[in-house]
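Structure first, commentary second.
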Amino acid sequence: MFRENSSHKIDANGRLIIPVRFHPLIHEGGENGVMVTRMDNTLVAYPFDKWRILEAKILSLPIKSDGMRRFRRIFIGSSSECFLDKNNRIVISPSLRAYAGLKKEVILVGVLDHFEIWSHDNWEKENLQHVEDLKDEDLKSQIASLGI
């Protein structure tokens with residue numbers, strides 16, 4: 001599973017070194033890369049085998065609303081295959097970098113079946129929002145039900 005978060009640099013060409021701890025998870029399905037797309041002001045990256053499962057789930061859902069149609073259009077339509085090069089880097093497209101506000105410093109966050117690529121500023125905002133979220137009693141109850 002993808003875990004931890006760490007700070008990394010992305011160069012002007014959008015190249016980002018993927019940490020060694022993520023390599024076995026990326027290669028698990030015999031593949032050499034990730035699908036990267038956008039969501040919640042960040043980028044999400046799924047190993048190809050996990051992405052195929054996610055696509056099948058999305059495809060199986062009936063489109064009952066304009067919102068779901070837009071979600072499919074943006075989430076899938078914005079996705080990009082990113083292969084690891086010989087230096088274990090992926091190249092993130094300019095449009096995805098612009099969406100997430102990625103500049104020089106980025107934060108990689110492991111989220112079990114995928115990892116996220118955050119701009120430093122957006123990650124700080126997300127942490128502040130988390131502090132606010134924890135004031136909600138329903139959320140506290142959901143977290144407590146996990147034994148935490």
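Bear in mind that the values in this text are calculations on the coordinates, not laboratory data. Owing to the predicted nature of the structure, the values given are computational and were not obtained by experimental measurement. Virtual Cβ from ideal backbone geometry, glycine too; neighbours counted across all protein chains shown.
Below, the figures for the structure above:
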| item | result |
| --- | --- |
| Length-normalised contact order for the chain - Cα pairs under 8 Å, 6+ apart - percent | 34 |
| Simple label model, 7 Å out from Cα along Cβ direction - R69 to N127, nm | 4.1 |
| Estimated [θ] at 222 nm from DSSP helical runs (n ≥ 4, -39500 (n - 2.57)) normalised by residues in the chain, nearest 500 | -11500 deg cm²/dmol |
| Under 13 Å from K125, Cα to Cα: aspartates and glutamates that are on another chain or at least 8 residues apart | D40, D133 |
| Entries of K9/K86; K103/K140; K50/K86; K50/K104 with Cα pairs more than 26 Å apart | K103/K140; K50/K104 |
| Shape category assigned to the stretch 5-120 from the gyration tensor of Cα positions, a/c cut at 1.5 | oblate |
| Stretch in the chain that is longest and holds no trypsin sites (Lys or Arg not before Pro) that DSSP places in a loop and that have at most 12 other beta carbons within 10 Å | 4-63 |
| Global geometry of the stretch 81-136, whether rounded, prolate or oblate, following the gyration tensor of its Cα atoms and the 1.5 cut on a/c | prolate |
| Low-density loop cleavage sites - GluC sites (Glu not before Pro) in the stretch 50-148, where at most 11 other Cβ are within 10 Å (DSSP) | none |
| Highest-fluctuation residue, S79, S60, S119 considered, GNM on the chain with Cα pairs under 10 Å | S60 |
| Euclidean distance between Cα centres, the stretch 56-88 to the stretch 116-136, Å | 23 |
| Label-point separation, V20 to N41 (7 Å along Cα→Cβ), nm | 3.5 |
| Choice from D138, D85, D11 showing the highest fluctuation, given a GNM over the chain with Cα pairs closer than 10 Å | D138 |
| Cβ-placed point charges (K, R +1; D, E -1), dipole of the chain about Cα centre in debye, nearest 20 | 520 |
